[in-house]
């Protein structure tokens, strides 16, 4: 029965031949009697070498494409990690970052960014965002309740133009209160403007706080001082203080996350690691 040789043995034959060994040397070293057997093994070794070269180039190209996809997704995800703009009471714009998590490629990001601090900060940001949203919702409710008690006005539906508070009322009030609490005293004194809603109903007026219509009612300018007092009172409240503290923590976490991502992208550290989605199942990134 003809002797069988392994791929590694044939590879070694080519290496020895390339380093100056003669066919007689190879026959002695690999215990081959027939020159035809040696020629057959060398021919097969050259075919295998060509196949390895082609395969290596394909893997290199695929890995290059994969790492480009990973970098792009890191950039998209990182740009979506933002602290809220007060007084948000939902998870926007964090929802864009969470949407990026739904991609299969996000599994690859975790593999290529195996940095515990990054993921601790990201998880902390998401948890604190929930706290922030809960406080915001409560403050929006309180602002509307205060206005309802003071003026007997309820929040109107979309595009309604009758006696009541617009959807912008609590946003305008709370946004200014937060800014005052953060040190912007000018935010507590918006410019107000009132005018009849229409010639057919001159008694019903709209009241604008700078560029936002905040309510409709008779003699709307009579609400100005009350509204300024609402802003000031809200700015001094314990819940707004909690909100400002949470906002500062969220912004700090955002900065930490962005710093890690920016440094990783500048140094291209993500190419040093592999993931299950790398060509070859993650076993080729460092070879």
Completion exercise
Most fluctuating of 147, 83, 201 in the GNM of the chain (C-alpha, under 10 Å) is 201
Handout entry: Most mobile of 149, 205, 172 in a GNM of the chain (Cα contacts under 10 Å)
Key = 149
Fill in the blank from the handout: Most exposed to least, judged by fewest other Cβ atoms within 10 Å, 267, 217 sort to 267, 217
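Cut-off is 10 Å between beta-carbons; in what order do 92, 192, 132 appear when sorted fewest neighbours first?
Numbers: 92 11, 192 17, 132 26.
Ascending number of Cβ neighbours within 10 Å: 92, 192, 132.
When a/c reaches 1.5 or more, the comparison of a/b and b/c decides; with that in mind, is the stretch 1-119 rounded, prolate or oblate per its Cα gyration tensor?
Details: a/c = 5.20, a/b = 5.06, b/c = 1.03.
Taking the square roots of the gyration eigenvalues as a ≥ b ≥ c, the stretch 1-119 is prolate.
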Handout entry: Nearest-ten-degree value, helix 35-80 long axis tilted from longest Cα axis of the chain
Key = 10
Handout entry: Within the chain, helix-based [θ] at 222 nm, where runs of 4 or more DSSP H residues each add -39,500 (n - 2.57), nearest 500
Key = -20500 deg cm²/dmol
Exercise for the section: Quick one: order 69, 211 by neighbouring beta-carbon count within 10 Å, fewest to most. Expected result: 211, 69
Completion exercise
Distance in Å, no decimals, from the C-alpha centre of the stretch 9-78 to the one of the stretch 119-191 is 67
Fill in the blank from the handout: Between (1) 6, 19, 16, 14, 12, 10, 7, 5, 5, 4, 2, 0; (2) 6, 25, 34, 24, 9, 2, 0; (3) 6, 26, 30, 20, 12, 5, 1, the structure-derived P(r) over Cα pairs in 10 Å bins from 0, in percent is (1)
Handout entry: Highest-MSF residue in the chain out of 239, 27, 148 [GNM, Cα springs under 10 Å]
Key = 27
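The numbers here are math on the coordinates, done by the rules we state, and not lab data. All values reported here derive from a predicted model rather than from experimental measurement. Here the Cβ is made from the backbone with ideal geometry for all residues, glycine too, and neighbour counts use every protein chain on show.
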